[in-house]
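Comments concern the structure below.
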Amino acid sequence: EKAKALEIVVDLVADMTVVNPFDFFVDKSADQFPFAYTPENARELAPYLEVEPLTPRLAAWIEGARARHLAAPITTIDFLVGVNRDLQRDVKYLIRLEAGIPAPEFTLECAAGSCRDSAWLLVQLLRRFGLAARFASGYLIQLVADQKPLDGPAGTDKDFTDLHAWCE
């Protein structure tokens, strides 16, 4: 029937437990980079290994990373840290309010991009190196710390949330 109003009430309880993102282990079979997925894992991860067409700047960036990081044996973690460090150096972070995600070639050409631009670029880079990767988005939640740290930066002085994107 016709109605004059529609009211939707949402009640939410969020677990805001602090998690150390560096508390993980790497399977022995993947400790050294490069490594090969088992056939079963490769089948399951196939959607996260699909790549866009290779473009000139993307190819050059990959070759530079290959020369910097794969000239000698390297652990998978050290390889990932190196690629992330290189990307952070080469692509300046900026806030971009326009919709959509440009192709990695455009992000490299501009040498700047939003979190989603850098995340999609990193997804494509990692996939080109044979690592399953996916684009993820959600919220960045920064809360004022209950206690001041003994050393290092104090963090934010007010609670805030914002849209965010990253590569997993």
Looking only at the stretch 141-168, how many residues end up being within 30 Å of residue 60 (Cβ to Cβ) and either among the hydrophobic types (A, V, I, L, M, F, W, C) or surrounded by fewer than 13 Cβ atoms within 10 Å (Cβ to Cβ) (or both)? 4
So residue 67 fits all but one of (1) within 23 Å of residue 53 (Cα to Cα); (2) surrounded by 13 or more Cβ atoms within 10 Å (Cβ to Cβ); what number is the exception? (2)
If we keep only residues of the stretch 113-124 that are open to solvent by less than 30 Å² (accessible area, probe 1.4 Å) and farther than 26 Å from residue 159 by Cβ, then the residue farthest from the chain's Cα centre (by Cα) is 113
Considering only the stretch 120-148, state which residues are small (Gly, Ala, Ser) and touching a Gly at 6+ places or on another chain (Cβ under 9 Å). 145
Looking at the stretch 89-101, is at least one residue within 20 Å of residue 164 (Cα to Cα) and open to solvent by less than 20 Å² (accessible area, probe 1.4 Å)? yes
In the set 83, 18, 26, 13, which member is more than 14 Å from residue 129 (Cα to Cα) and surrounded by 10 or more Cβ atoms within 10 Å (Cβ to Cβ)? 26
Yes or no: residue 110 open to solvent by 60 Å² or more (accessible area, probe 1.4 Å) and of a type outside the set (A, V, I, L, M)? yes
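For every residue, the table says whether it meets (1) free of Cβ contacts under 8 Å to residues at least 24 places away in the same chain; (2) assigned to a loop (DSSP other than H, G, I, E, B).
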{"site": "2", "(1), (2)": "yes, yes"}
{"site": "13", "(1), (2)": "yes, yes"}
{"site": "18", "(1), (2)": "yes, yes"}
{"site": "25", "(1), (2)": "yes, yes"}
{"site": "43", "(1), (2)": "yes, no"}
{"site": "59", "(1), (2)": "yes, no"}
{"site": "64", "(1), (2)": "yes, no"}
{"site": "84", "(1), (2)": "no, no"}
With (1) under 28 Å from residue 17 (Cα atoms); (2) over 12 Å from the mean Cα position of the chain (by Cα); (3) in a loop (DSSP other than H, G, I, E, B) as the list, and residue 131 as the residue in question, which single condition is left unmet? (1)
Can you tell me which residues in the stretch 91-121 are out of contact with any helix residue (DSSP H, G or I) (no Cβ under 7 Å at 6 or more places or on another chain) and either on the phi > 0 side of the Ramachandran plot or in a helix (DSSP H, G or I) (or both)? 100, 106, 110, 115, 116, 119
Cβ contacts < 7 Å: first residue within 16 Å of residue 53 (Cα to Cα) and surrounded by fewer than 17 Cβ atoms within 10 Å (Cβ to Cβ), restricted to the stretch 125-140; second residue at pLDDT 95 or above and of a type outside the set (Asp, Glu), any location; separation 6+ or different chain. Result? 130/34
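The values are calculated or read from the model by the stated rules, or taken from the named source; none is laboratory data. Just so it is clear, the structure is predicted and the values come from calculations on it, not from any experiment. Backbone-built Cβ (ideal geometry, glycine too); neighbour counts: all protein chains shown. What goes into the accessible areas is simple: the full protein's heavy atoms, side chains included, and nothing from ligands, DNA or RNA. Shrake-Rupley method; radii C 1.70, N 1.55, O 1.52, S 1.80 Å.
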